[in-house]
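The values are calculated or read from the model by the stated rules, or taken from the named source; none is laboratory data. Bear in mind that the values here come from a model prediction, so they are computed numbers and not experimental data. Glycine gets a Cβ as well: all are built from the backbone with ideal geometry, and neighbour counts include every protein chain shown. The protein model used for the area step is the full one, side chains on, heavy atoms only, and it has no ligands, DNA or RNA in it. Shrake-Rupley method; radii C 1.70, N 1.55, O 1.52, S 1.80 Å.
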Amino acid sequence: MSISALDRWIEAITEERAVVFAKRLAGNDTLLTRAHQAGPYLPKTFLFAVLPELDRPEIKNPRVKLLARIESHGDQRQVKATWYNEKLRGKTRDETRLTRFGGSKSPLLNPENTGALTLFAFSRTPDGPLCSIWVCETLEEEERLEAYVGTVDPGRGVVWEPSSGSIDHRLQRKAACELAPSEIPEEWIASFPSGAEVIEKTLQLLPGAALNPDKRLLQRRDCEFAVFRSIEQAITLPRIREGFDTMKAFVDEAQTLLQRRKSRSGRSLELHVKAILGEEGLKAGRDFEYNVESDKGRRPDFLFPSQRAYRDTAFPPDRLAMLATKTTCRDRWRQVLNEADRIPTKHLLTLQEGVTERQFEEMTNSGITLVVPAPLHRKFLAPIRPHLLNVGQFLDVLEKRRQN
């Protein structure tokens, strides 16, 4: 689908005053894990807000019929929003999903679309509720939509109101790192802190190596986002309450907000990895280098043990390693292939929640080894899991290469 078609869709949902939930499809949204969940998960609080008739606890698994249009793929059908509320009746399930999309031929349920940025736009029509959907097929589409909603990470959803530009992260997972206004340095209110400064604050709130590196990485990511959101709210809310004299002033503020979020997300994962490498005994400049050139014009996120060793043709290639960090690897993994010609096996750390066997085979045949935090391994297909490395295992690989 062309970018012009995507822009027309954005215009349409803006005119309809739709409310949008943006997420990346997980393996349990598509049919990747064969978990029979029947359709994509959307948070209960969000669906109750846009479909209040779904909030009927007195009924077992209440449903609401609605028209769904997957505009990105020209598909239209009657679907159901379902609240699986068995927890109210002594069982465990308590979640809301959109169901009846027709199986794996649906773009929403196609396992190949696991990790795809997807927007669900809800509005009301004279004929009833409508859900207009866009499933991104290309990186260009994802970048276009993220210019509106900000970066959307795996496992995190964003609520967006196109007509007002409002972006709401209240549905994010809670972390014990949110800062009260009195805890935010005054200089941060005057000038938003850099990504490195936010990471440093996160390390103060969750210090040391009390957790294994896999859990440490995931918890710090959540903590950092809570810190970032606290600062953002302290700066932005007063400006919103004051109002804007012109539309340009409003648009400028919104663009600043989005650019700030994009900048934070772009370096967040690699900065957390850099901190963990240091905590695990690796010394920068001796055991690894961050963001240095391997070959001319190519910069892997991490090069082991150093740029000097990499460029020394006498240094054994089997003692070299590289690590790329990408929150999602769908399509993006190909960007890693040319980052270090002397290193045939390239390690890629990702937070994506699953890939298909075909995608994994293609990565493996291209020399990519996926590094995935251990708690996320269960989101991958059983045949793939034994071939994934977790962060601790990747550190073991580095240790063995140092000892060679």
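Looking across the range 168-177 at every residue that is open to solvent by 30 Å² or more (accessible area, probe 1.4 Å) and touching a helix residue (DSSP H, G or I) at 6+ places or on another chain (Cβ under 7 Å), the one that is modelled with the highest pLDDT is identified as Leu171.
Residue pairs whose Cβ atoms lie under 7 Å apart, separated by 6 or more positions or on different chains, with the first residue in the range 103-131 and at positive phi and in contact (Cβ under 8 Å) with a residue 24 or more places away in the chain and the second crowded, with 23+ Cβ neighbours inside 10 Å and of a type in the set (D, E, K, R), are Gly115/Arg24; Gly115/Arg330.
Residues that are out of contact with any Asp or Glu (no Cβ under 9 Å at 6 or more places or on another chain), closer than 14 Å to Pro40 by Cα and either open to solvent by less than 10 Å² (accessible area, probe 1.4 Å) or assigned to a strand (DSSP E or B) (or both) within the range 105-134 comprise Leu119, Phe120, Cys131, listed in sequence order.
Do we find that Ala180 is modelled with pLDDT under 75 and farther than 30 Å from Leu47 by Cβ in this structure? I'd like the intermediate steps shown before the answer.
Values: modelled with pLDDT under 75: no; farther than 30 Å from Leu47 by Cβ: yes.
No: the conditions fail for Ala180.
Of all the criteria given as (1) touching a Pro at 6+ places or on another chain (Cβ under 9 Å); (2) charged (D, E, K, R); (3) closer than 22 Å to Arg156 by Cβ, the one not satisfied by Lys326 is (1).
Of a type in the set (A, V, I, L, M), more than 20 Å from Leu351 (Cα to Cα) and at pLDDT 95 or above, is that true of Leu54? Quick ask: steps written out before the conclusion?
Working: of a type in the set (A, V, I, L, M): yes; more than 20 Å from Leu351 (Cα to Cα): yes; at pLDDT 95 or above: yes.
Here the answer is yes, as Leu54 does meet what is asked.
A single entry from Lys262, Lys274, Lys248 fulfils the requirement of being modelled with pLDDT of 95 or more and either in a helix (DSSP H, G or I) or surrounded by 13 or more Cβ atoms within 10 Å (Cβ to Cβ) (or both): Lys274. If only residues of the range 353-392 that are more than 19 Å from the chain's Cα centre (by Cα) and among the hydroxyl-bearing types (Ser, Thr, Tyr) are counted, the one that is surrounded by the most Cβ atoms within 10 Å (Cβ to Cβ) is Thr369. Just to be sure before I move on: is Gln307 under 30 Å from Glu361 (Cβ atoms) and not charged (D, E, K, R) in the structure I sent? Considered against the rule, which asks whether it is under 30 Å from Glu361 (Cβ atoms) and not charged (D, E, K, R), Gln307 comes out as no.
All of Leu337, Leu388 fail the test of being more than 19 Å from Gly281 (Cα to Cα), touching a helix residue (DSSP H, G or I) at 6+ places or on another chain (Cβ under 7 Å) and at pLDDT 95 or above, apart from Leu388. Tally up the residues in the range 88-104 that are in contact with a strand residue (DSSP E or B) (Cβ under 9 Å, 6 or more places away or on another chain) and open to solvent by 80 Å² or more (accessible area, probe 1.4 Å), please. Of the residues in the range 88-104, 1 are in contact with a strand residue (DSSP E or B) (Cβ under 9 Å, 6 or more places away or on another chain) and open to solvent by 80 Å² or more (accessible area, probe 1.4 Å).
Out of the residues in the range 9-54 that are assigned to a helix (DSSP H, G or I) and of a type in the set (Ser, Thr, Tyr), state the one that is surrounded by the fewest Cβ atoms within 10 Å (Cβ to Cβ). Outline the logic, then answer.
So the first thing to find is which residues in the range 9-54 are assigned to a helix (DSSP H, G or I), and the list is 9-15, 44-50, 52-54.
Those left that are additionally of a type in the set (Ser, Thr, Tyr): 14, 45.
Working: Thr14: 17, Thr45: 12.
The extreme case among them is Thr45.
Tell me, please, whether a residue that is within 20 Å of Gly115 (Cα to Cα), open to solvent by less than 20 Å² (accessible area, probe 1.4 Å) and either in contact with a helix residue (DSSP H, G or I) (Cβ under 8 Å, 6 or more places away or on another chain) or part of a helix (DSSP H, G or I) (or both) can be found in the range 307-328.
The initial filter retains those residues of the range 307-328 that are within 20 Å of Gly115 (Cα to Cα), namely 324-328.
Going one step further and asking which of them are open to solvent by less than 20 Å² (accessible area, probe 1.4 Å), we end up with 324-325, 328.
Add one more test, that the residue is either in contact with a helix residue (DSSP H, G or I) (Cβ under 8 Å, 6 or more places away or on another chain) or part of a helix (DSSP H, G or I) (or both), and what stays is 324-325.
Looking for residues that are within 20 Å of Gly115 (Cα to Cα), open to solvent by less than 20 Å² (accessible area, probe 1.4 Å) and either in contact with a helix residue (DSSP H, G or I) (Cβ under 8 Å, 6 or more places away or on another chain) or part of a helix (DSSP H, G or I) (or both), one finds at least one in the range 307-328, hence yes.
Among residues of the range 314-327 that are closer than 14 Å to Asp396 by Cα and basic (Lys, Arg), those with a beta-carbon under 9 Å from a residue that is at pLDDT 95 or above and surrounded by fewer than 21 Cβ atoms within 10 Å (Cβ to Cβ) at least six positions away or on a different chain give the pairs Arg319/Ala309.
Applying the condition of being open to solvent by 10 Å² or more (accessible area, probe 1.4 Å) and in contact with an Asp or Glu (Cβ under 6 Å, 6 or more places away or on another chain) to the range 200-237 and asking which residue is nearest to Pro154 (Cα to Cα) yields Ser230.
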